[in-house]
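Asks: Got a structure for you, written out below as structure tokens; questions coming shortly.
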Amino acid sequence: MTDTAADFVRSYAALAPLGFLPEIKLHQADEPIGLWELTEGEYRSEQPPPFWAFAWAGGQALARYVLDHPETVAGRRVLDLASGSGLVAVAAARSGAASVRAVDIDPFSAAAIGLNAAANGADVSVDRADILGGDADGAEVVLAGDVFYSQVMADRMTGFLRRAAKAGARVLVGDPDRAFLPRPLFRELAAYDVPTTMALESVTVKHTRVWELRGPAQA
């Protein structure tokens, strides 16, 4: 985490508890448009939009599931993919994971994950990298919140998650019925009505499911 990125996160995202997850505090921005412009994320550059600054519905549902079912991660090595704010990683660490690795490509996300982990007393290692062409590097549980938002991302993510499952990892995702989720590959574990904002989702509540990737014998 660089000091510049961390200062930016502190300046534009205030630390506050989540209504749906009152156990966890996150640095959250008030609205996305101005912040998106500040981070040059209007699809005019390679800089991704500020996923780190908001608690997206898929991540909230997955974090809620992990907190309510700590046995999912307790004592296990956990990988949180496209971690964004680090919400799911923090939930895993708070639920007794042996180790938690949060991965994202955005330098501001890396800073936000570090700040949010510290604010919640969670031990999370942060890796700024694109690992979707590789493997889960020994993770026993792989978590991914709200990652099926485009066809390109869904294709890459699906390939990675299937390799992780084949290697023995349990794979859980949180998704608010995005169009690119490959539903036949998953079985539903839980469903929640997650508070969100009109600015992000055009609704104030998003029905969101937690899914588990079927193993080779179930596919």
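Asks: Expressed as a whole percentage, what fraction of the accessible surface of the chain belongs to carbon and sulfur atoms when a 1.4 Å probe is rolled over the protein heavy atoms?
Replies: Roughly 51 percent of what the probe reaches on the chain is carbon or sulfur.
Asks: Which order do Asp146, Asp3 take when ranked by solvent-accessible area (1.4 Å probe, heavy atoms of all protein chains), largest first?
Replies: Reading off the accessible areas and sorting them downward yields Asp3, Asp146.
Asks: Counting only protein chains, not ligands or nucleic acids, how are Arg178, Arg162, Arg214 ordered by accessible area (probe 1.4 Å), most first?
Replies: From most exposed to least exposed: Arg162, Arg214, Arg178.
Asks: According to a simple spin-label model (label point 7 Å from Cα along Cα-to-Cβ), what is the distance in nm between Asp155 and Asp193?
Replies: 3.8
Asks: Figure the gain on full extension for Thr4 and Glu23 (residue separation times 0.36 nm, minus the Cα-Cα span) and round it to one decimal in nm.
Replies: 4.0 nm
Asks: Quote the charge dipole size of the chain about the Cα centre in Debye, to the nearest 20; the model charges only the Cβ of Lys and Arg (+1) and of Asp and Glu (-1).
Replies: Here the chain has a charge dipole of around 800 debye.
Asks: In addition: Using a 1.4 angstrom probe and counting only protein chains, how large is the accessible area of Arg209 in Å², to 10?
Replies: Per-residue accessible area (Arg209): approximately 60 Å².
Asks: Okay, moving on. I'd like the antiparallel share, as a percent to the nearest 5, of DSSP beta bridges with both residues in the chain.
Replies: 50
Asks: Sticking with this structure for a sec: Could you tell me which of rounded, prolate or oblate describes segment 61-143, using a ≥ b ≥ c as the square roots of the eigenvalues of the alpha-carbon gyration tensor, with rounded for a/c under 1.5 and, failing that, prolate when a/b is larger than b/c and oblate otherwise?
Replies: Cα axes put segment 61-143 in the oblate bin.
Asks: So, one more: Roughly how many nanometres apart are two label points built 7 Å out from the Cα toward the Cβ at Asp127 and Arg214?
Replies: Distance between label points: 2.9 nm.
Asks: Order Lys206, Lys166, Lys25 by their accessible area, 1.4 angstrom probe, all chains in place, largest first.
Replies: Lys166, Lys25, Lys206
Asks: Determine the shape class of the chain: with a ≥ b ≥ c the square roots of the Cα gyration tensor eigenvalues, call it rounded for a/c under 1.5, and otherwise prolate if a/b is greater than b/c, oblate otherwise.
Replies: It comes out rounded by the Cα gyration axes.
Asks: Sticking with this structure for a sec: Compute the distance in nm between two label points, each set 7 Å from the Cα along the Cα-to-Cβ direction, one at Ala98 and one at Thr204.
Replies: 4.5
Asks: Still on this model: Compute, for Glu71, the solvent-accessible surface of its heavy atoms (probe 1.4 Å) with the complete set of protein chains present, and express it in square angstrom to the nearest 10.
Replies: Surface open to solvent at Glu71 totals about 110 Å².
Asks: Also, quick follow-up: Counting heavy atoms of the protein chains only and a 1.4 Å probe, report the per residue accessible area for the chain as a whole number of Å².
Replies: 45
The values are calculated or read from the model by the stated rules, or taken from the named source; none is laboratory data. Just so you know, these numbers come straight off a predicted model, no measurement behind them. Heads up, the Cβs are rebuilt from the backbone with ideal geometry, glycines too, and the neighbour counts pull from every protein chain shown. Just so you know, the surface numbers come from the protein's heavy atoms only, side chains and all, with ligands and any DNA or RNA stripped out. Shrake-Rupley method; radii C 1.70, N 1.55, O 1.52, S 1.80 Å.
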